[in-house]
Amino acid sequence: MKYLSVVFFAVVLIWTWNVIHTKQGVSFETHSGIQQRLSGLIVETVQAKKPTALDIKVEKVWTELLMGNRIRAHFTYSFKDTDNQGTANVQITGNGLLERQEDGEPGVEKWALTQVKTTNDVIVFEDALLVSTGESK
């Protein structure tokens with residue numbers, strides 16, 4: 001029984017050593033670069049689609065490695081939207097799917113953003129909107 005526990009301990013020790021020292025499929029720098037580029041892309045897109053948007057902030061961006069050559073990026077951003085009725089704070093949460101593109105250039109990684117979904121839109125009005133029942137006179 002003593003020998004069995006020593007062998008088991010040795011196997012677990014070797015396994016954890018290999019798990020810790022295995023090279024990751026995607027480097028930390030790649031994750032950081034994707035997060036930085038995605039933040040810029042969000043700001044550019046909001047500015048292009050909503051010219052009345054002010055104070056655009058990317059609050060959170062994080063990425064996770066999926067099976068194969070895929071990364072899921074999660075994000076939360078907010079902005080103030082002004083129109084003739086007042087100002088509203090808009091917060092949007094979502095995620096996107098990136099796939100690695102095979103390219104002949106050594107040392108250059110290219111990722112294609114193939115899917116974007118927003119999952120939660122929250123709107124907070126700075127000025128209260130009046131809602132009445134029945135017809136207004």
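The values are calculated or read from the model by the stated rules, or taken from the named source; none is laboratory data. If you're wondering where the values come from, they're calculated on a predicted model, not measured in any experiment. We place every Cβ from the backbone using ideal geometry, glycine too, and count neighbours over all the protein chains shown.
Here's the yes/no breakdown for (1) of a type in the set (A, V, I, L, M, F, W, C); (2) within 29 Å of Val122 (Cα to Cα); (3) modelled with pLDDT under 90; (4) surrounded by fewer than 14 Cβ atoms within 10 Å (Cβ to Cβ):
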| residue | (1), (2), (3), (4) |
| --- | --- |
| Leu41 | yes, yes, no, no |
| Ala48 | yes, yes, no, yes |
| Thr52 | no, yes, yes, yes |
| Val58 | yes, yes, no, no |
| Asp81 | no, yes, yes, no |
| Pro106 | no, no, yes, yes |
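Quick check on the range 33-44. Is at least one of its residues under 17 Å from Leu113 (Cα atoms), among the basic types (Lys, Arg) and without any contact (Cβ under 8 Å) to a residue 40 or more places away in the chain? Give the steps one after another, and end with the answer.
Taking the range 33-44 first, the residues under 17 Å from Leu113 (Cα atoms) are 33-44.
Okay, now just the ones that are also among the basic types (Lys, Arg), so 37.
Adding the requirement that they be without any contact (Cβ under 8 Å) to a residue 40 or more places away in the chain leaves 37.
Scanning the range 33-44, I find at least one residue that is under 17 Å from Leu113 (Cα atoms), among the basic types (Lys, Arg) and without any contact (Cβ under 8 Å) to a residue 40 or more places away in the chain, so the answer is yes.
Being assigned to a loop (DSSP other than H, G, I, E, B) and hydroxyl-bearing (Ser, Thr, Tyr) is the filter; apply it to the range 21-41 and report the residue that is farthest from Glu64 (Cα to Cα).
Quick first cut of the range 21-41, residues assigned to a loop (DSSP other than H, G, I, E, B) only: 22-27.
Okay, now just the ones that are also hydroxyl-bearing (Ser, Thr, Tyr), so 22, 27.
Working: Thr22: 17, Ser27: 11 Å.
Ranking the candidates gives Thr22 first.
Working carefully through the options Thr82, Thr93, Thr118, Thr114, find the one that is among the hydroxyl-bearing types (Ser, Thr, Tyr) and more than 17 Å from Ser39 (Cα to Cα).
On the way: Thr93 fails: more than 17 Å from Ser39 (Cα to Cα); Thr118 fails: more than 17 Å from Ser39 (Cα to Cα); Thr114 fails: more than 17 Å from Ser39 (Cα to Cα).
Answer to the check: Thr82.
Taking the criterion of being outside any strand (DSSP E or B), touching a residue at least 12 places away in the same chain (Cβ under 8 Å) and more than 17 Å from the chain's Cα centre (by Cα), would at least one residue in the range 102-116 satisfy it?
Initial filter on the range 102-116 (outside any strand (DSSP E or B)): 102-109.
Checking which are touching a residue at least 12 places away in the same chain (Cβ under 8 Å) leaves us with 109.
Now drop any that are not more than 17 Å from the chain's Cα centre (by Cα), which leaves 109.
Within the range 102-116, one or more residues are outside any strand (DSSP E or B), touching a residue at least 12 places away in the same chain (Cβ under 8 Å) and more than 17 Å from the chain's Cα centre (by Cα).
So, in the range 71-97, of the ones that are assigned to a strand (DSSP E or B) and of a type in the set (S, T, N, Q), which residue ends up nearest to the chain's Cα centre (by Cα)?
Going residue by residue through the range 71-97, those that are assigned to a strand (DSSP E or B) are 71-83, 86-97.
Next, only the ones that are of a type in the set (S, T, N, Q) stay: 76, 78, 82, 87, 89, 91, 93, 95.
Numbers: Thr76: 7, Ser78: 14, Thr82: 26, Thr87: 26, Asn89: 20, Gln91: 14, Thr93: 9, Asn95: 5 Å.
Out of the qualifying residues, it is Asn95.
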